[in-house]
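Before any comments, here is the structure.
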Amino acid sequence: MGRSSGSPLLPLFRSKALVAILEQLYVVGAGEDRSISDIARSADLPYTTTQREINRLMNAGLVTTRAVGRSRLVTVARDHAATQPIRTLMMLTVGPRHRIARAIDGLDGVHRAFIHGSWADRYLGNWGEPPADIDVLVIGGVDQQELYDRLQPVEMALGIQVNPIVVSLQDWEAADSGFLKSVAAGPLIPVDEDEPS
């Protein structure tokens, strides 16, 4: 994801770099101490950019840092009045990928899972209409009802419709339908990895 301008999913923040760092602090490693180098690596950002943004967050009182050996560990300031609202914003915007990953974790038959469509397009930094739903592609032999049951709480928590489809690995690899060709050619965000494909 490019980092130069604000995120289409969360244009309140000045840069995609800041959104990526907040995602690491408030969604991925919520409540954990994280080193700046770990945050930079996970967010796919230069160390210097990450350090500069962490310093800004620290000066605003949104994070605290402490030295451990040669590393600086960063923690979200739990007592700051903006902590919970920021966490909520992050969970509603960049958080769906992580929520969906947790929801389908351990579901029998999942080979891979992706978010596709307009939400994936906005996540990758492409501007357009706000996503009306979140399209989820699950590749493998999955019990569809169990998948729906697992994703329903995600849909309710996010307040946006989650539309899962299940495709066999064989059909996905063949991609001989117009729909599958279109999905394969469009943006795909893995829900089980840190970085988009």
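A residue that is free of Cβ contacts under 8 Å to residues at least 60 places away in the same chain and at positive phi can be found somewhere in the stretch 100-107. Scanning the stretch 118-152 for residues that are within 19 Å of the chain's Cα centre (by Cα), loosely packed, with under 13 Cβ neighbours inside 10 Å and modelled with pLDDT of 95 or more yields a single hit, Gln152.
Taking (1) open to solvent by less than 10 Å² (accessible area, probe 1.4 Å); (2) modelled with pLDDT of 95 or more in turn, Arg97 satisfies each apart from (2). Once the stretch 15-47 is narrowed to residues that are charged (D, E, K, R) and within 11 Å of Val74 (Cα to Cα), the residue that is surrounded by the most Cβ atoms within 10 Å (Cβ to Cβ) is Arg34. Scanning the stretch 60-114 for residues that are among the aliphatic types (A, V, I, L, M), part of a strand (DSSP E or B) and farther than 29 Å from Ile160 by Cα gives Val63, Ala67, Val68, Leu73, Val74. When Ala132 is tested against (1) farther than 23 Å from Val19 by Cα; (2) in contact with a helix residue (DSSP H, G or I) (Cβ under 8 Å, 6 or more places away or on another chain), just one condition goes unmet, and that condition is (1). Listed conditions (1) surrounded by 16 or more Cβ atoms within 10 Å (Cβ to Cβ); (2) farther than 30 Å from Phe13 by Cα; (3) among the charged types (D, E, K, R) are all met by Glu173, apart from (1). The sole residue among Ile104, Ile86 that is modelled with pLDDT of 95 or more, buried (at least 16 other Cβ atoms within 10 Å of the Cβ) and among the aliphatic types (A, V, I, L, M) is Ile104.
The values are calculated or read from the model by the stated rules, or taken from the named source; none is laboratory data. Not measured: the values here are computed from a predicted model. Every residue, glycine as well, gets a Cβ built from its backbone with ideal geometry; the counts of neighbours run over all protein chains shown. To get the accessible areas, we keep the full protein, side chains included, count just its heavy atoms, and leave off ligands, DNA and RNA. Shrake-Rupley method; radii C 1.70, N 1.55, O 1.52, S 1.80 Å.
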